[in-house]
Amino acid sequence: MFRVLVSDPISRDGLEPLLEANNIEIVQKNVSEEENLAQYDALFVRSATKVTEELMNQMPKLKIVARAGVGVDNIDVDQATRKGIIVINAPDGNTISTAEHTFAMIASLVRHIPQANMSVKNREWKRSSFVGSELHGKMLGIVGLGRIGTELARRAKAFGMRVAVFDPFLTKERSEKIGVEKHDFEELLTQADIITVHTPLTKETKGLLNKETISKTKKGVYLVNCARGGIIDEDALCTYLENGHVRGVALDVFEVEPPEHTRLLEFEQVIATPHLGASTKEAQLNVAYQVSKEVLLFIQGKQVTTSINLPAMSDEAYQKVAPYDSLAQKIGSFLSQYMNQPVQSITIEYEGTAAEIETAYVTKSMIASFLKQRMDININTVNAGVLARERGIQFIEKVSDQNSGYSNSMKVTIHGEQTTSEIKGTSIPHFGERIVSVNGFSIDFHPSGHLLYIQHTDVPGVIGNVGRILGNHSVNIATMQVGRKEKGGEAIMMLSFDRPLDQPILSALTELDEIVFVKAIEL
Ligand SMILES: NC(=O)c1ccc[n+]([C@@H]2O[C@H](COP(=O)([O-])OP(=O)(O)OC[C@H]3O[C@@H](n4cnc5c(N)ncnc54)[C@H](O)[C@@H]3O)[C@@H](O)[C@H]2O)c1
Ligand SMILES: O=C(O)CC[C@@H](O)C(=O)O
């Protein structure tokens with residue numbers, strides 16, 4: 001049974017993909033009210049539930065956190081990544097609703113609709129107090145032309161506004177295609193009549209509009225924040241509302257929610273909504289449906305596509321990656337068992353068609369498989385890179401332009417504290433994966449099951465002696481491959497069996513004079 005805890009109010013209709021599936025239990029209850037958090041595999045949240053390290057520690061089975069919305073600032077993504085918990089969101093399900101809400105806020109701001117509404121309800125009729133301005137012909141400055149910024153720009157243009165945009169990642173081609181003026185931040189500040197922010201809250205965007213930057217705006221400017229509290233500094237807003245430089249402010253989001261800056265809310269020129277950007281039936285259905293479908297993919301062992309902490313990959317792309325993923329996992333596990341020593345670096349080199357896939361995913365998969373043999377915690381492609389780095393293991397990914405005769409190959413080299421080892425493998429369509437070289441010895445075997453690696457001197461009788469010892473212990477050899485670099489030098493044998501070998505057999509083999517090294521490997 002896969003158990004899902006839905007902590008914030010999320011559209012029940014949107015949970016349909018999960019409700020219709022078998023063996024999934026869904027409980028809709030806030031985390032603060034649930035006594036047995038340890039039983040859940042998945043957690044659904046909006047922005048209210050804070051997914052902290054402490055909460056995740058109480059949920060040892062947690063595998064996936066689904067944010068029914070865009071912003072993941074209420075989720076400790078770094079800690080989730082360390083713990084191997086996938087974090088997904090619904091990146092575009094609420095875009096239209098939030099753009100529409102922003103536009104409604106802008107229109108309300110310049111026509112004083114909320115204030116006029118209050119006044120009429122107070123039985124007043126003050127028509128001259130609420131003279132507004134037209135949007136037509138005014139310049140809207142959009143900071144951040146992502147999904148919401150783009151939809152807002154379209155609506156503003158339909159109202160006859162000029163749209164100026166600042167976004168450091170915006171290309172000239174895209175701005176031309178959307179029909180907006182690309183500006184630098186200073187230009188936008190000095191020219192716009194209304195400035196609205198649509199960036200995530202990051203180190204760079206926190207306080208982007210502050211005492212200094214707001215001082216550069218036009219006198220009488222309107223400021224809007226329907227993105228994240230803190231992008232516009234709330235103290236600075238109070239200063240400029242007080243001295244009349246800023247004519248009006250519209251806020252859907254606050255530095256602390258519900259807002260604690262009561263002085264800001266006391267200004268008549270401030271209009272506010274309680275984080276309602278995504279609060280429409282349509283958006284809530286969209287985001288819940290989007291994350292439910294993703295969680296179902298995860299449960300079915302398929303690729304999730306909207307993960308914050310996994311390389312994004314469609315199921316179609318994963319089908320191309322899958323054979324190499326399997327090979328990488330086999331090589332990682334083999335090398336980890338074979339090299340029983342601390343490791344300094346892992347290099348993975350892709351050649352041929354293997355170099356054309358999402359190599360970052362496969363590299364993480366190989367590292368996860370390597371680390372799994374050594375660590376007793378949940379390791380997967382989400383946290384493999386972080387855990388390797390934390391343990392001082394450097395990993396390097398290379399693409400080789402050499403042609404070693406295989407249509408694809410993957411070579412993993414591990415520098416340990418005492419020795420260096422290397423395995424090369426290939427994936428043959430309809431035939432599976434093969435290891436074609438171990439530490440420079442050419443060989444050809446299927447990396448699966450109960451294996452035995454033997455390094456020995458290339459002298460007559462070794463194979464017979466090994467066969468005799470195994471026979472004496474009633475061990476049947478399933479397959480056997482040999483490889484050597486030169487006649488009479490060192491050589492290797494790779495054997496496979498129907499059952500694992502126990503220690504007395506391994507000790508007996510090690511005692512043979514011509515045997516240098518013996519290692520049982522389980523794949
Ligand atoms: N009020 C709500 O209910 C609500 C609903 C949905 C989204 N949001 C918030 O709205 C914001 C935008 O969402 P989105 O889906 O459009 O995101 P998005 O990722 O599509 O767009 C963000 C844009 O900001 C730009 N950007 C990043 N750093 C910047 C910087 N320093 N200066 C200027 N631009 C910068 C990026 O290049 C990108 O184009 C997010 O903060 C999101 O959490 C709020
Ligand atoms: O869940 C909500 O209503 C907030 C949504 C919004 O802030 C988001 O980032 O998607």
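The values are calculated or read from the model by the stated rules, or taken from the named source; none is laboratory data. Just so we're clear, the structure is a prediction, and the values are computed from it rather than from any experiment. Cβ atoms come from the backbone with ideal geometry, glycine included; neighbour counts cover every protein chain shown. Each accessible area value is taken on the protein alone, full model and side chains, heavy atoms only, with ligands, DNA and RNA left out. Shrake-Rupley method; radii C 1.70, N 1.55, O 1.52, S 1.80 Å.
Worth a mention:
- Highlighted here are the helices (runs of 4 or more DSSP H) found entirely within the range 222-319 that include at least 2 residues which are among the polar types (S, T, N, Q) and within 16 Å of ligand 1 (Cβ to nearest atom): 281-299.
- Candidates Val386, Val343, Val399 - the one that is in contact (Cβ under 8 Å) with a residue 12 or more places away in the chain and open to solvent by 60 Å² or more (accessible area, probe 1.4 Å): Val399
- Scanning the range 362-381 for residues that are open to solvent by 10 Å² or more (accessible area, probe 1.4 Å) and either over 16 Å from Ile85 (Cα atoms) or assigned to a loop (DSSP other than H, G, I, E, B) (or both) gives Ser369, Gln373, Arg374, Met375, Asp376, Ile377, Asn378, Asn380, Thr381.
- If you filter the range 22-41 down to residues that are surrounded by 14 or more Cβ atoms within 10 Å (Cβ to Cβ) and in a helix (DSSP H, G or I), you find that the one that is farthest from ligand 2 (Cβ to nearest atom) is Gln39.
- Condition check for His446: modelled with pLDDT of 95 or more and open to solvent by 40 Å² or more (accessible area, probe 1.4 Å): yes
- Candidate set from the range 79-131 (those that are basic (Lys, Arg) and open to solvent by 60 Å² or more (accessible area, probe 1.4 Å)); member that is nearest to ligand 2 (Cβ to nearest atom): Arg82
- Checking each residue in the range 48-64 for being surrounded by 21 or more Cβ atoms within 10 Å (Cβ to Cβ) and either in a loop (DSSP other than H, G, I, E, B) or within 16 Å of ligand 1 (Cβ to nearest atom) (or both) picks out Thr49, Val51, Met59, Leu62.
- Odd one out for Pro91, checked against (1) away from ligand 1 (no atom under 16 Å from the Cβ); (2) under 39 Å from the mean Cα position of the chain (by Cα): (1)
- Glu100 away from ligand 1 (no atom under 12 Å from the Cβ), outside any loop (DSSP other than H, G, I, E, B), over 12 Å from the mean Cα position of the chain (by Cα) and modelled with pLDDT of 95 or more: no
- Search result, residues across the range 439-455 that are closer than 21 Å to Tyr406 by Cα and either in a loop (DSSP other than H, G, I, E, B) or not aromatic (Phe, Trp, Tyr) (or both): Asn439, Gly440, Ser442, Ile443, Asp444, His446, Pro447, Ser448
- The condition of being open to solvent by less than 30 Å² (accessible area, probe 1.4 Å) and part of a loop (DSSP other than H, G, I, E, B) holds for only one of Val436, Val459, Val475, that being Val475.
- Residues within the range 291-318 that are open to solvent by 30 Å² or more (accessible area, probe 1.4 Å) and of a type in the set (Asp, Glu), tallied: 2
- Inspection of the range 178-196 finds a residue satisfying the criterion of being buried (at least 20 other Cβ atoms within 10 Å of the Cβ) and within 16 Å of ligand 2 (Cβ to nearest atom).
- The set of residues from the range 138-159 being open to solvent by 30 Å² or more (accessible area, probe 1.4 Å) and not in a helix (DSSP H, G or I) comprises Lys138, Gly146, Phe159.
- Selection from the range 1-18 of residues that are part of a helix (DSSP H, G or I) and under 13 Å from Ile64 (Cβ atoms): Leu18
- Checked against (1) open to solvent by 10 Å² or more (accessible area, probe 1.4 Å); (2) in contact with a Ser or Thr (Cβ under 8 Å, 6 or more places away or on another chain); (3) not charged (D, E, K, R), Phe44 passes all but condition (1).
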